[in-house]
Amino acid sequence: MVTTYVGFGIGAVNTLFLFTYFLDQEYYGLVSFLLSAANLIWPFLVFGVHSTLIKFFTSYKTRGDQDRLLNFVLVIPAVVGLILGTIGLIFYNYLLDYFQGENSLVQPYVWLIFVIALATAYFEVFFSWSKIYYKSAFGNLMKEVFHRLCISLLLFAFYFKWINVEFFIYSISGVFVFRTILMAMYAFSLHRPKFSFKFPRNLSPVLKYSSLILLAASVATVLLDLDKVMIEHYLPIENVAIYGIAVYIATVISVPQKAMHQITNPLTAEMLNNKDKSGLKDLYEKSSLNLLIVSGLIFVWIITNVNSLYELIPEEYEISILIVLLISLVKLYDNFLGNNNSILFNSDYYRIVLGVGVILVLVAFVLNILFIPEYGIEGAAVASFIAFSLYNTSKVFIVFKKFKIHPFTTKSTWALLLTALFSIGFYFLNFPLHAVINIAVKGTLSGVLYLIIVYYLRFSEDLNLMIDKFLKRS
């Protein structure tokens, strides 16, 4: 979680200050669009094998079977990439024609979308490779810190005119490729498989899971970045940058979930393989409650300080708090689900999530078509809020229906109520101070009071133990 927050901290500096002050608005929008478009494509390139590896690896007991599975997950993205890359080359001129006109700035860099997507796909494969050995710290450092730090250095290089804007954009794609190479070296140091042309045992369920998880796991990614891509279609490209800032601010709430997921995902897969129902129920409730409490505090900090934060960035990037609020609520809901995704995607019920997810992607697409032309970027936020709320609710219902477990506890209600009261109360509390000092004072005051209430009312035994250990060390 520490490395994830360090990465988000560097990303926040990039997103809120370096990009906004060093780069022209349209080029900032271009970078945001390229990365969002790549995020839409890489799940199709990886073909779900990064999830397949985690689900099936522990079910193979011999080194030979494990090696064959690892060879399988290495070959599939290359095959899919070759097919999609060939299709892209055939229709490349049509892609260029699509970006003619107001956003023609994108045309010279369209091919970088595929490069970044393929590099990201293989990075996720090698990251999962390390997760099966419960070695997620290095991968998390590379995923959350490395590329953001490199982008910071590139932004400073551009600011001091050591490089031009074209070299800057090409270098960003190079960072993603280099990150994948480093992750591959680490993964092979943990387990270097012997190459063979033999397929893994039980190939049929492995292929079936990979092909279905491709679509199921892609749903969240598509929902996350569909709005940015559609904003580029309907509005001038600088609006992608403006919207992206609000989304990035809200995304900080998802950091605890991303950090916990690195461990809960392989643990959940192992519990499902061993049919440990009581352990699964306990992990579901604990992960939900602890994530809700931690992310609730971050939600309070964001909502109560967003106006002060916008005072620190150029005026042309300031937008309605409604967007930040809606996306923040989505991220808070995501945390409340705990290890729900791990339960579904490592079980036999991922097919149901696939069907629901595909329907909701279509719903999100239609909502964006209706709302963006009418309400601009606020319409994109409303569309995302509706789509994600329906998607998350359906996932809670599916787990309850199939496993007879849910994440709700009495303490969850108290945590939600505490988050709501603090958000409303501290939003209207402002000090006549500089924005940075105002953020620091409100953040410290709300944080200390929040933690005191959580600790003395014993919302979470796990968090109380962590706080006790911290106090003893102090």
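The values are calculated or read from the model by the stated rules, or taken from the named source; none is laboratory data. Computed from a predicted model, the values in this text were never measured in an experiment. Here Cβ is always computed from backbone atoms with ideal geometry, including for glycine, and neighbour counts include all displayed protein chains. Side chains included, ligands, DNA and RNA excluded: accessible areas come from the protein's heavy atoms. Shrake-Rupley method; radii C 1.70, N 1.55, O 1.52, S 1.80 Å.
Figures for the structure shown
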{"read-out": "Subset of region 343-378 [surrounded by fewer than 22 Cβ atoms within 10 Å (Cβ to Cβ), of a type in the set (Gly, Ala, Ser) and part of a helix (DSSP H, G or I)]", "value": "Gly355"}
{"read-out": "Subset of region 453-472 [assigned to a helix (DSSP H, G or I) and either among the acidic types (Asp, Glu) or loosely packed, with under 11 Cβ neighbours inside 10 Å (or both)]", "value": "Tyr456, Glu461, Asp462, Leu465, Asp468, Lys469, Phe470, Leu471, Lys472"}
{"read-out": "Residue tally, condition closer than 18 Å to Glu318 by Cβ and of a type in the set (Ser, Thr, Tyr), over region 236-273", "value": "2"}
{"read-out": "Residues of region 390-423 satisfying the condition of being open to solvent by 70 Å² or more (accessible area, probe 1.4 Å), closer than 27 Å to Trp301 by Cβ, assigned to a helix (DSSP H, G or I) and aromatic (Phe, Trp, Tyr)", "value": "Trp414"}
{"read-out": "Selected residue [touching a Ser or Thr at 6+ places or on another chain (Cβ under 8 Å), open to solvent by 10 Å² or more (accessible area, probe 1.4 Å), within 20 Å of Asp225 (Cα to Cα) and not acidic (Asp, Glu)] from Phe44, Phe19", "value": "Phe44"}
{"read-out": "Unmet criterion (only one of (1) under 30 Å from Ser204 (Cα atoms); (2) at pLDDT below 85; (3) surrounded by fewer than 18 Cβ atoms within 10 Å (Cβ to Cβ)) for Phe56", "value": "(3)"}
{"read-out": "So Ile181, is it of a type in the set (A, V, I, L, M), more than 16 Å from Ser128 (Cβ to Cβ), touching a residue at least 40 places away in the same chain (Cβ under 8 Å) and not in a loop (DSSP other than H, G, I, E, B)", "value": "no"}
{"read-out": "Failed item, numbered, when Thr444 is tested on (1) touching a Leu at 6+ places or on another chain (Cβ under 6 Å); (2) farther than 24 Å from Thr410 by Cβ; (3) hydroxyl-bearing (Ser, Thr, Tyr)", "value": "(1)"}
{"read-out": "Residues located in region 315-333, provided they are open to solvent by 20 Å² or more (accessible area, probe 1.4 Å) and not hydrophobic (A, V, I, L, M, F, W, C)", "value": "Glu315, Glu316, Glu318, Ser320, Tyr333"}
{"read-out": "Unmet criterion (only one of (1) touching a residue at least 24 places away in the same chain (Cβ under 8 Å); (2) under 20 Å from the mean Cα position of the chain (by Cα)) for Thr393", "value": "(1)"}
{"read-out": "Candidates Val2, Val79, filtered to the one that is among the β-branched types (Val, Ile, Thr), open to solvent by 30 Å² or more (accessible area, probe 1.4 Å) and more than 30 Å from Ser211 (Cβ to Cβ)", "value": "Val2"}
{"read-out": "Residue within region 280-301 that is in contact with a Lys or Arg (Cβ under 9 Å, 6 or more places away or on another chain) and charged (D, E, K, R) present", "value": "yes"}
{"read-out": "Which listed residue is surrounded by fewer than 20 Cβ atoms within 10 Å (Cβ to Cβ) and either farther than 27 Å from Thr268 by Cα or not hydrophobic (A, V, I, L, M, F, W, C) (or both), from Asn307, Asn340", "value": "Asn307"}
{"read-out": "Number of positions in region 152-164 that are open to solvent by 20 Å² or more (accessible area, probe 1.4 Å) and part of a helix (DSSP H, G or I)", "value": "5"}
{"read-out": "Residue that is modelled with pLDDT of 90 or more and aliphatic (A, V, I, L, M), where the choices are Leu329, Leu322", "value": "Leu329"}
{"read-out": "Residues of region 268-279 classified as in a helix (DSSP H, G or I) and either open to solvent by less than 10 Å² (accessible area, probe 1.4 Å) or at positive phi (or both), total", "value": "2"}
{"read-out": "Hits in region 184-210 (condition: more than 29 Å from Val145 (Cβ to Cβ) and part of a loop (DSSP other than H, G, I, E, B))", "value": "Lys194, Phe195, Ser196, Phe197, Lys198, Phe199, Pro200, Arg201, Asn202"}
{"read-out": "Test result for Gly88, within 19 Å of the chain's Cα centre (by Cα) and open to solvent by less than 30 Å² (accessible area, probe 1.4 Å)", "value": "no"}
{"read-out": "Pick from region 4-51, criterion at pLDDT 85 or above and not in a helix (DSSP H, G or I), ranking: farthest from the chain's Cα centre (by Cα)", "value": "Asp24"}
{"read-out": "Selected residue [touching a helix residue (DSSP H, G or I) at 6+ places or on another chain (Cβ under 6 Å), surrounded by fewer than 20 Cβ atoms within 10 Å (Cβ to Cβ) and under 14 Å from Ile172 (Cβ atoms)] from Leu105, Leu149, Leu141", "value": "Leu149"}
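Matching residues to (1) within 19 Å of the chain's Cα centre (by Cα); (2) charged (D, E, K, R):
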position	(1), (2)
Asp334	yes, yes
Asn340	yes, no
Val356	no, no
Ala364	yes, no
Glu378	no, yes
Phe403	no, no
Pro407	no, no
Phe426	no, no
Gly443	no, no
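Matching residues to (1) under 26 Å from Leu23 (Cα atoms); (2) outside any helix (DSSP H, G or I); (3) modelled with pLDDT of 90 or more; (4) out of contact with any strand residue (DSSP E or B) (no Cβ under 6 Å at 6 or more places or on another chain):
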{"site": "Val247", "(1), (2), (3), (4)": "yes, no, no, yes"}
{"site": "His261", "(1), (2), (3), (4)": "no, no, no, yes"}
{"site": "Pro266", "(1), (2), (3), (4)": "no, no, no, yes"}
{"site": "Leu292", "(1), (2), (3), (4)": "no, no, yes, yes"}
{"site": "Leu297", "(1), (2), (3), (4)": "no, no, yes, yes"}
{"site": "Ile303", "(1), (2), (3), (4)": "no, no, yes, yes"}
{"site": "Ile313", "(1), (2), (3), (4)": "yes, yes, no, yes"}
